[in-house]
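Q: Dumping the structure here so I can ask a few things about it.
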Amino acid sequence: MEIERFPLKVCPFCGEQAELMYDEADHREYTYVVCSGCGIMTQRFYACVEECAMQQAADTWNKRYETSN
Ligand SMILES: [Zn+2]
């Protein structure tokens with residue numbers, strides 16, 4: 001997977017690096033962004049199209065950063 005193409009801002013709450021995660025539940029793949037410091041995360045984005053879901057997760061994370069800053 002090429003996740004480096006989705007740059008993530010640092011956590012707006014603790015300043016640590018955020019990571020784009022990829023997992024599976026009930027045979028459905030999903031992706032989300034989680035902070036490696038405090039553990040706050042975005043909602044899950046189910047991957048009908050993998051890249052699309054990753055972009056959504058990254059965008060959601062980055063938007064949260066902007067609105068809470
Ligand atoms: Zn954090």
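FYI, it's all coordinate maths here, none of it is from the lab. Quantities reported herein were computed from a predicted structural model and do not represent experimental measurements. In this analysis, Cβ positions are derived from the backbone assuming ideal geometry, glycine residues included, and neighbour counts consider all displayed protein chains.
Q: Could you sort the peptides 55-64, 22-31 by per-residue average Cβ neighbour count (10 Å cutoff), highest mean leading?
A: Output ranking for 55-64, 22-31: 55-64, 22-31.
Q: Any idea what the dipole of region 12-61 comes to, in debye rounded to 20, about its Cα centre with Lys/Arg Cβ at +1 and Asp/Glu Cβ at -1? Before the final figure, lay out the partial values.
A: Details: 2 positive and 9 negative charges, 35 e Å.
Around 160 debye, computed over region 12-61.
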